[in-house]
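See below for the structure under consideration.
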Amino acid sequence: MIRSVLSVSFLLKIIFGLALFTLLLMSGITYRNSVSLSKSTELLVHSYKVQLELKQVLSFVKDSEIGKRAFIITKDSVFLQPYLIGPEKVNESFTILKDLTAGQPQQQAILDEIRHLVNMRYIYMSNSLLVMSVPFGNMLLDENMIKGDEIMNSIQANITKMVDLEMSHFKKHQTTYNQELSVTPVIALSLLLFSVLIFVLAYLRINNDLYRLKRSNEKLLITTESIKHAEYIGEFFTSIWNIKTNEIMYSDNMFRLLGCKLNSFEPTIENFLKFVHPDDRHIITRGNENILNKHKTKPRYYRIIRKDGQERYFKAIGKFIKDDSGNITHIGVVSDVTQQHLSKLILKERNRELHQSNKELAYFNQVASHDLQEPLRKVQTLISLIRERELSALSESGKDYFSRIQTSVSRMRTLIDDLLLFTRTNKIDKTFEQTDLNLILKNTLFEMSQSIEEKNAIIQSNHLPELKVISFQIQQLFQNLISNSLKYSKPGIVPVIKFECEQIKSSDYPELKIIRNKNYFKITVRDNGIGFEQQYAEKIFTIFKRLHKSTEYQGTGIGLSICKKIVENHSGYIFAEGELGIGAVFNIFLPSR
């Protein structure tokens, strides 16, 4: 969720960055157009000023020429006024033109030429006035007037040249400006549409984020309420301790666990310590010092005394969280573990009682191994002596009683031996060694060769694996299963016992209550004996549980119980399948590792 929020924030930053860049770009283009327009206006005004001043120069020269000719015709000095002030006015215009054409070498060169021609024109005007009083003056006057007209034409030609040059600069800039101006609306419109698109996307994204934020707030509210109920049901409260500011906040359930009303006191460490048992307060203070100064935390157990005087047991655990700014926060969970503590005390007492029972069972094993075996051996010795020396002297009924006594003593001896074997299976040291099960089966068949030959039994087996096992227990397992099959074989039919093995996965067998996909070896022992009804498939592994009377089949009902205990010692499982009159199948599951 945090990554999603960060990605959304980054996306919004990109969107608004693009929008800002677009606006700045549009502002730059607008500013550039404004500057270009202003420059065009300045150039146009400049051109008009140059043309105006040039026209002024031409006008002043023409006025002077007209005034001079009027004076020559009328001899009236009033007409000489434009001629007299003309040079001064012309000089002022040339000064202005000089400033206007600053930085334009070509224009200034033409301007210098015009000034030279204007000066020449005024010289010829002055000469015309002088030749009026001399002989042949009319002839000289006509000559000056012709040359003056030629100069005047040159002045007009140069003025036209300057105006054309000025206008060419203006038109060139105007063309560039018009080209830029024609492209600008397209660019501006494109950028505007792009900006609108960006803002629409941003709006949609923000609207979506607001919806998600609303949903998140709703979920957060539900989560908060769930946590409150969880604290109430689980009997715990939480604390948030800002290590930098040394500020701590407790959840509301703290007040309930302390037997107080909500917000009945200020939730501080000092006020909480008042509820801690005096003998356990050092646990809290030392733990808080380690949290605050060393940034270390570990589980703490202590007692508190509620407001009603009831003593309770608390357990506190915590974890440190560091944010991006490096600030460290300690999150604590404090639980009321009174029931667990009392249960632990009860369990401890039960363990003590179990230990005592184990000692008594060990004593029983010792008695069964020695004290009970000794009288049995004496009874069997006496029975052997009676059978050898006194049996012929007994009556038929006495012989029958003697036979029953002998059978009962033999069954009792077998029962004691099986009990000792069962108890040894429970308590013997479990030393696992890598062993070839084929070799164990071979040794089992060798030791049982007499029983197998008596029944003419056929033992078949495919390849068995090598596993880490307790060798003598696996041999006992094989021996008990073979003995069981031989015992319950059909009369007159050769017993056939098959050992089969395959590697399987537990996920294929729902009855295996272990981790899925764990590899197991399935060893199947199948016979063609009398079988049993499937309803007894679990009961046959119960100690002393027999499906037949002892007069029908000998046995103590412990053999299959020993098989189950051996398989469990190897973290395995054993299941039985039976069909009356068909045979029995025992499936053994041993872990491959």
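I'd like to know if the range 266-275 contains one or more residues that are of a type in the set (Ser, Thr, Tyr) and either under 40 Å from the mean Cα position of the chain (by Cα) or farther than 23 Å from Gln310 by Cβ (or both). If you could, list the steps in order and put the result at the bottom.
Of the residues in the range 266-275, the ones of a type in the set (Ser, Thr, Tyr) are 268.
Then drop every residue that is not either under 40 Å from the mean Cα position of the chain (by Cα) or farther than 23 Å from Gln310 by Cβ (or both), which leaves 268.
Scanning the range 266-275 turns up at least one residue that is of a type in the set (Ser, Thr, Tyr) and either under 40 Å from the mean Cα position of the chain (by Cα) or farther than 23 Å from Gln310 by Cβ (or both).
Go through Glu374, Glu353 for me and flag whichever is exposed (fewer than 14 other Cβ atoms within 10 Å of the Cβ), over 30 Å from Ile233 (Cβ atoms), modelled with pLDDT of 75 or more and of a type outside the set (Phe, Trp, Tyr). Steps first, answer last, please.
Working: Glu374 fails: modelled with pLDDT of 75 or more.
Matching residue, one of Glu374, Glu353: Glu353.
Could you check Ile283 against (1) part of a helix (DSSP H, G or I); (2) of a type in the set (Val, Ile, Thr); (3) in contact (Cβ under 8 Å) with a residue 60 or more places away in the chain and say which number it fails? (3) is the only condition that Ile283 fails.
Name the single residue, out of those in the range 524-541 being charged (D, E, K, R), surrounded by fewer than 21 Cβ atoms within 10 Å (Cβ to Cβ) and not in a loop (DSSP other than H, G, I, E, B), that is modelled with the lowest pLDDT. Selected residue: Lys539.
Go through the residues of the range 286-295 one by one and say whether even a single one is among the small types (Gly, Ala, Ser) and over 24 Å from Lys228 (Cα atoms).
Taking the range 286-295 as the starting set, the residues that turn out to be among the small types (Gly, Ala, Ser) are 287.
Still in the running and over 24 Å from Lys228 (Cα atoms): 287.
Yes, the range 286-295 has at least one match.
If only one of Asn138, Asn153, Asn144, Asn127 is at pLDDT 80 or above and either within 30 Å of Lys49 (Cα to Cα) or not in a loop (DSSP other than H, G, I, E, B) (or both), which one is it? Show your work before the answer.
Details: Asn138 fails: at pLDDT 80 or above; Asn144 fails: at pLDDT 80 or above; Asn127 fails: at pLDDT 80 or above.
One residue alone meets the criteria, Asn153.
For Asp76, only one of the following conditions fails: (1) exposed (fewer than 13 other Cβ atoms within 10 Å of the Cβ); (2) at pLDDT 80 or above; (3) among the charged types (D, E, K, R). What is its number? With (1) exposed (fewer than 13 other Cβ atoms within 10 Å of the Cβ); (2) at pLDDT 80 or above; (3) among the charged types (D, E, K, R) applied to Asp76, the lone miss is (2). Contact map, the range 297-311: first residue among the aromatic types (Phe, Trp, Tyr), second residue assigned to a loop (DSSP other than H, G, I, E, B), Cβ cut-off under 7 Å, separation 6 or more or different chains; pairs are Tyr302/His277.
Is it fair to say Thr297 is open to solvent by less than 100 Å² (accessible area, probe 1.4 Å) and touching a Leu at 6+ places or on another chain (Cβ under 9 Å)?
Working: open to solvent by less than 100 Å² (accessible area, probe 1.4 Å): yes; touching a Leu at 6+ places or on another chain (Cβ under 9 Å): no.
No; evaluated as a whole, the condition is false for this residue.
Of the residues making up the range 227-241, just one is within 17 Å of Lys319 (Cα to Cα) and open to solvent by 50 Å² or more (accessible area, probe 1.4 Å), namely Ile240. In the range 67-79, the residues that are under 18 Å from Arg121 (Cα atoms) form Cβ pairs under 9 Å with partners that are acidic (Asp, Glu), at six or more places apart or across chains, as follows: Ala70/Asp76. Against the criterion of being buried (at least 16 other Cβ atoms within 10 Å of the Cβ) and acidic (Asp, Glu), Glu247 does not qualify.
When restricted to residues that are more than 28 Å from the chain's Cα centre (by Cα) and part of a loop (DSSP other than H, G, I, E, B), the range 297-322 contains 5.
Cβ-Cβ contacts under 6 Å between residues 6 or more apart (or on different chains), taken from a first residue in the range 45-61 that is of a type in the set (Phe, Trp, Tyr) to a second residue that is open to solvent by 30 Å² or more (accessible area, probe 1.4 Å) and in a helix (DSSP H, G or I), are listed as Phe60/Lys89. Scanning the range 486-512 for residues being open to solvent by less than 70 Å² (accessible area, probe 1.4 Å), out of contact with any helix residue (DSSP H, G or I) (no Cβ under 7 Å at 6 or more places or on another chain) and at pLDDT below 90 gives a total of 6. The residue that is farthest from Arg593 (Cα to Cα), among those in the range 449-494 that are touching a Ser or Thr at 6+ places or on another chain (Cβ under 7 Å) and not in a helix (DSSP H, G or I), is Ile470.
A quick yes/no check of all residues on (1) at pLDDT below 65; (2) within 27 Å of Glu500 (Cα to Cα); (3) touching a Pro at 6+ places or on another chain (Cβ under 7 Å):
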residue: Ser408; (1), (2), (3): no, no, no
residue: Leu415; (1), (2), (3): yes, no, no
residue: Asp418; (1), (2), (3): yes, no, no
residue: Thr425; (1), (2), (3): yes, yes, no
residue: Phe432; (1), (2), (3): no, yes, no
residue: Thr435; (1), (2), (3): no, yes, no
residue: Leu441; (1), (2), (3): no, yes, no
residue: Glu447; (1), (2), (3): no, yes, no
residue: Glu454; (1), (2), (3): no, yes, no
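Output the number of residues of the range 93-115 satisfying the condition of being assigned to a loop (DSSP other than H, G, I, E, B) and open to solvent by 70 Å² or more (accessible area, probe 1.4 Å).
Just the residues of the range 93-115 that are assigned to a loop (DSSP other than H, G, I, E, B), to begin with: 101-104.
Then keep just the ones that are open to solvent by 70 Å² or more (accessible area, probe 1.4 Å); that gives 103.
Qualifying residue count for the region: 1.
Listed by first and then second residue, the pairs linking a residue in the range 193-206 that is under 20 Å from Met26 (Cα atoms) and open to solvent by 70 Å² or more (accessible area, probe 1.4 Å) to a residue that is assigned to a helix (DSSP H, G or I) and not basic (Lys, Arg), with Cβ atoms under 7 Å apart and 6 or more places separating them unless they lie on different chains, are Phe194/Thr22; Phe199/Ala19; Leu201/Ile15.
The values are calculated or read from the model by the stated rules, or taken from the named source; none is laboratory data. The model shown is predicted, which means the values in this text are computed figures rather than measured ones. Methodologically, a virtual Cβ is constructed for each residue, glycine included, from the backbone with ideal geometry; neighbour enumeration extends over all protein chains shown. For accessibility, only protein heavy atoms count, side chains too; no ligands or nucleic acids. Shrake-Rupley method; radii C 1.70, N 1.55, O 1.52, S 1.80 Å.
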